[in-house]
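Asker: Here it is: the structure, laid out below.
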Amino acid sequence: MNTPFFAHPTAVIDEGCQIGEGTKIWHFSHIMPNCSIGKNCNIGQNVVISPEVILGNNVKIQNNVSLYTGVTCEDDVFLGPSCVFTNVVNPRSAVNRRGQYAKTIVKKGASIGANATIVCGHDIGEFAFIGAGAVVTKTVPAYALVVGNPAKQIGWMSEYGHRLQFGTNGLATCPESGEQYLLNSNTVTKK
Ligand SMILES: CC(C)(COP(=O)(O)OP(=O)(O)OC[C@H]1O[C@@H](n2cnc3c(N)ncnc32)[C@H](O)[C@@H]1OP(=O)(O)O)[C@@H](O)C(=O)NCCC(=O)NCCS
């Protein structure tokens, strides 16, 4: 069968999945039924993508990540190695909560560091940055940098992944791209 994407022979792709051109799926990863995966994604080794998960274009997933039903990652999201999603806030083995999965949206351009845990139902804003090992228990604003357990905001990050230092005029410049950002009422926007 000719496919416009690459899947290593050890990967398992279940029925009903849509997978975009240029996407690569590496060793021992499992894509469960009815997932929608965009173009040019890279899905590392030992990744599990549960039924009906939606990924945009150019999503990069490092090794050992499980994406549970209810998770959506928009375009250009980066998921660091062994980061953890959840979809039930109060699981009990003897209580069936199938069909009651909480939704979590990771918005365009956001990055999640290695070993971070996202408690379900807390969206991650556009270009937000979750530090390695953080435990996210609240919604994260666009461009925010959060670290620790529970995750607390310690600053802001540019779209190129640099700390933004805002002056008294509310402006900051990314040292790599030269792009300017405005901080107003605790909200960052790109100028
Ligand atoms: C969050 C991060 C981007 C911060 O980088 P930075 O801006 O260079 O920050 P610094 O190293 O100057 O640290 C600033 C402070 O935050 C603390 N800090 C940094 N990263 C932290 C983390 N992940 N968790 C808790 N605290 C952290 C530092 O200890 C320091 O604290 P201090 O001011 O009390 O000394 C980086 O540490 C990180 O976690 N990157 C993710 C790496 C990753 O997972 N990559 C995956 C692909 S391989």
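The values are calculated or read from the model by the stated rules, or taken from the named source; none is laboratory data. Being a predicted model, the structure only gives us computed values, none of them experimental. Neighbour counts run over all protein chains shown; Cβ positions are idealised from the backbone, glycine included. Only protein heavy atoms, including side chains, enter the accessible area calculation; ligands, DNA and RNA are left aside. Shrake-Rupley method; radii C 1.70, N 1.55, O 1.52, S 1.80 Å.
Asker: In percent, how large is the relative contact order of the chain, given Cα pairs closer than 8 Å and 6 or more residues apart?
Answerer: Working: 573 pairs, mean separation 18.9, N = 191.
Relative contact order comes out at 10 percent.
Asker: Please report, in debye to the nearest 20, how large the charge dipole of the chain is about its Cα centre when each Lys and Arg carries +1 at its beta carbon and each Asp and Glu carries -1 there.
Answerer: 500
Asker: Let me ask another. Give me a comma-separated list of calculated 3J(HN,Hα) values for region 16-21, in order, Karplus coefficients 6.51, -1.76, 1.60 applied at θ = phi - 60°, integers in Hz, x for any Gly or Pro.
Answerer: Rounded to whole hertz, the list is x, 8, 10, 10, x, 4.
Asker: To continue, here is another question. Fully extended, how many nm does the chain gain between Asp14 and His162 (0.36 nm per residue separation, minus their Cα-Cα distance)? Intermediate values should be presented prior to the final figure.
Answerer: Values: separation 148, 0.36 × 148 = 53.28 nm, distance 3.87 nm.
Difference between extended and current length: 49.4 nm.
Asker: Here's something else I'd like to know. Tell me the per residue accessible area of region 1-157 using a 1.4 Å probe; a whole number in Å² is fine. Don't jump to the answer; show the numbers that get you there.
Answerer: Working: 7640 Å² over 157 residues.
Value returned for region 1-157: 49 Å² of accessible area per residue.
Asker: Across the chain, where is the longest run that never hits GluC sites (Glu not before Pro) in a DSSP loop with at most 16 other C-beta atoms within 10 Å? Let's see the in-between values first.
Answerer: Working: sites that count: Glu15, Glu21, Glu176, Glu179.
Between exposed loop sites, the widest span is 22-175.
Asker: Continuing with the same structure: In the structure displayed, which of Lys24/Lys152; Lys39/Lys152; Lys39/Lys191; Lys60/Lys190; Lys108/Lys138; Lys60/Lys191 lie more than 25 Å apart, Cα to Cα?
Answerer: Numbers: Lys24/Lys152 34 Å; Lys39/Lys152 33 Å; Lys39/Lys191 28 Å; Lys60/Lys190 23 Å; Lys108/Lys138 18 Å; Lys60/Lys191 27 Å.
Among Lys24/Lys152; Lys39/Lys152; Lys39/Lys191; Lys60/Lys190; Lys108/Lys138; Lys60/Lys191, the Cα-Cα distance tops 25 Å for Lys24/Lys152; Lys39/Lys152; Lys39/Lys191; Lys60/Lys191.
Asker: Could you give the length gained on full extension between Glu179 and His27, defined as 0.36 nm per residue of separation minus the Cα-Cα distance, in nm?
Answerer: On the way: separation 152, 0.36 × 152 = 54.72 nm, distance 3.81 nm.
Length gained between Glu179 and His27: 50.9 nm.
Asker: Moving on to the next point. Could you tell me which residue out of Ser36, Asn87, Val53 lies farthest along the dipole of the chain toward its positive end? Charges go on the beta carbon: Lys and Arg +1, Asp and Glu -1, centred on the Cα centre.
Answerer: Highest projection toward the positive end goes to Asn87.
Asker: Same structure again: Placing one identical point scatterer on every Cα of the chain and ignoring solvent, what is log10 I(q)/I(0) from the Debye formula at q = 0.18 Å⁻¹?
Answerer: Each listed q corresponds, in turn, to -1.15.
Asker: Residue by residue, what Karplus-based ³J(HN,Hα) values in Hz, rounded to whole numbers, does region 71-81 have, using 6.51, -1.76 and 1.60 with θ = phi - 60° and x for Gly and Pro?
Answerer: Taking θ as phi minus 60°, the curve returns 8, 10, 10, 6, 4, 6, 7, 10, 10, x, x Hz for region 71-81.
Asker: Continuing with this model, one more query. So which trypsin sites (Lys or Arg not before Pro) in region 1-108 end up in coil per DSSP with only 11 or fewer other C-beta atoms within 10 Å? The partial results should precede the final answer.
Answerer: Values: sites: Lys24, Lys39, Lys60, Arg92, Arg97, Arg98, Lys103, Lys107, Lys108; in loops: Lys39, Arg92, Arg97, Arg98, Lys103, Lys107, Lys108.
Answer by residue number: Arg92, Arg98.
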